[in-house]
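Inspection log for the structure reproduced underneath, given as structure tokens.
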Amino acid sequence: TDDRGNLAGLLLAQLGADVIAVEPSEGQRARRLAPFEDDLAGLERSLVHRGYNRGKRSLVLSDSAQLDRLAAGADVVLENDALPFDVAAMGEAHPHLVTVSITPFGETGPKADWAATDLTLSAASGTMSLTGDGDRAPLRISVPVVWHFAALDAACAALLALAERHRSGRGQHASVAAQSSYISSNQFRMTYALTGDDPGQRAAGGQWMGPVLAQILNPCADGFVAAPFLFGPIIGPYSIRLWNWVHSEGGCPDSFLEVDWIGLGLIIDDDPTAMETFNEGTRLLGEFLLTKTKAEIADAAVEHRLLATPVANTRDLLLSEHLSARGYWDDVGGQRQNGRFAVFGATPLSPLGPPPALGQHNQEISHRQPSEGPPAASGATDEAPLDCVKVVDVSWALAG
């Protein structure tokens, strides 16, 4: 893989897999992507490469026969068309193998051969229609993220396929389309179009839902904060606590403590004063948040159990007391790097080492004796990968 799929291998490396990054002679694309350390370009200086290829071993591919030998002893092959080879033929030659392909629009269909970038996939997913000011052109998220959603799905697909292989001995092929991953993982309102509902109209930091502007993002004294103010059974209780806090700080009239923020939605279509009250609340909340810093809002959210969180920039993350207390950061050669993605009690994840230099592990990998792979398949099964797994789900609404 390259930057379009590197995250999948990184997650598997954190889970303990021996991940071999197979690269062309000039190095994979991630090594040439900015930003660079001290703004000086170089194959080992890309922060993209350093962030997503830690804990892996690098092999510069010499020929297709070498790749076939690697596949014979591997459990999983991840690919996103960064190197030319026949994935289907590889799977047929090695029935134990799990192969996972990341593509823009899928391996078949009218867009299968279309070129794609983060920008075009953001647009094709529809999510750009909800991003940006309502009276200007749509926008994508500034940092490229679309391929990362696909890489997350690819890692999950590999784990599910391995669970199946552990039972049946069979490998299989998984195909992940970045457009589909981004639709289902990012803006939940995109799924409304699939059922014939109105996906809504964009508004800066919020969204129009019929006549109601749900303003989620607001400026505060030193940046931005996400503090959704809505009515209804899910968010209404949080809105009640929000206005109790705002009132205690002198930011709203006494009448706001008497509004039924849970049931307001039931009368908003028939009672014009209900909409006026909601719109006035949106205005007052925006003015109030301008008087508070991100830290003050974060402290209030914890104290009063509010739906509010600062929009963190890089400096905020690096200085986060919470992340430090959780031991999130890894020290890699004196540099702070992203740490484990989850804290597991029985099987804690180990910190990953530095990213490999190009071809750093050529000799040790080339001289390794090929593995026989897992036992041959014991026979076909019609069971799905998670058959016999029981899940108790006590989540609710968006949290789940």
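The values are calculated or read from the model by the stated rules, or taken from the named source; none is laboratory data. Small disclaimer: the values here were computed from a predicted structure and weren't measured. Glycine also receives a Cβ, built like all others from the backbone with ideal geometry; neighbour counts cover every protein chain displayed. These area figures cover heavy atoms from the full protein model, side chains too; ligands, DNA and RNA do not enter into them. Shrake-Rupley method; radii C 1.70, N 1.55, O 1.52, S 1.80 Å.
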Scanning region 133-160 residue by residue, those in contact with a Lys or Arg (Cβ under 6 Å, 6 or more places away or on another chain) and either of a type in the set (Gly, Ala, Ser) or under 24 Å from Gly171 (Cα atoms) (or both) turn out to be Gly134
What are the residues in region 384-400 that are modelled with pLDDT of 80 or more and loosely packed, with under 13 Cβ neighbours inside 10 Å, if any?
Ala384, Leu386, Asp387, Cys388, Val389, Lys390, Val391, Val392, Asp393, Val394, Ser395
Of the residues Gly27, Gly55, Gly16, which single one is touching a residue at least 24 places away in the same chain (Cβ under 8 Å), in a loop (DSSP other than H, G, I, E, B) and touching a Ser or Thr at 6+ places or on another chain (Cβ under 8 Å)?
Gly16
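Can you list the helices (runs of 4 or more DSSP H) lying wholly within region 93-198 that have 3 or more residues being among the aliphatic types (A, V, I, L, M)?
Details: elements: 118-124, 146-168, 178-185.
The helices (runs of 4 or more DSSP H) meeting that bar are 118-124, 146-168.
Consider Ala112 carefully, then state whether it is touching a residue at least 40 places away in the same chain (Cβ under 8 Å) and closer than 30 Å to Ala93 by Cβ.
Criteria not met by Ala112.
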Looking only at region 303-323, count every residue that is of a type outside the set (A, V, I, L, M) and either within 30 Å of Ala357 (Cβ to Cβ) or in contact with a Leu (Cβ under 6 Å, 6 or more places away or on another chain) (or both) and tell me the total.
2
Just to check your reading of the model, which residue among Ala88, Ala151 is open to solvent by less than 40 Å² (accessible area, probe 1.4 Å) and either at pLDDT 90 or above or more than 26 Å from Gly27 (Cβ to Cβ) (or both)?
Ala151
When residues of region 223-268 are limited to those that are among the β-branched types (Val, Ile, Thr) and modelled with pLDDT of 95 or more, the one farthest from the chain's Cα centre (by Cα)
Val246
Would you say His49 is open to solvent by less than 50 Å² (accessible area, probe 1.4 Å), closer than 19 Å to Ala157 by Cα and not in a strand (DSSP E or B)?
no
Residue hits (region 100-109; at pLDDT 95 or above and either open to solvent by less than 70 Å² (accessible area, probe 1.4 Å) or over 16 Å from Val87 (Cβ atoms) (or both)) are Val100, Ser101, Ile102, Thr103, Pro104, Phe105, Gly106
Among all residue pairs at least 6 apart or on different chains, which show Cβ distances below 8 Å where the first residue, located in region 254-272, is within 17 Å of Phe229 (Cα to Cα) and aromatic (Phe, Trp, Tyr) and the second is open to solvent by less than 90 Å² (accessible area, probe 1.4 Å) and assigned to a loop (DSSP other than H, G, I, E, B)?
Trp261/Phe231
Failed item in (1) open to solvent by less than 70 Å² (accessible area, probe 1.4 Å); (2) touching a residue at least 24 places away in the same chain (Cβ under 8 Å); (3) not aromatic (Phe, Trp, Tyr), with Gln201 passing the rest
(1)
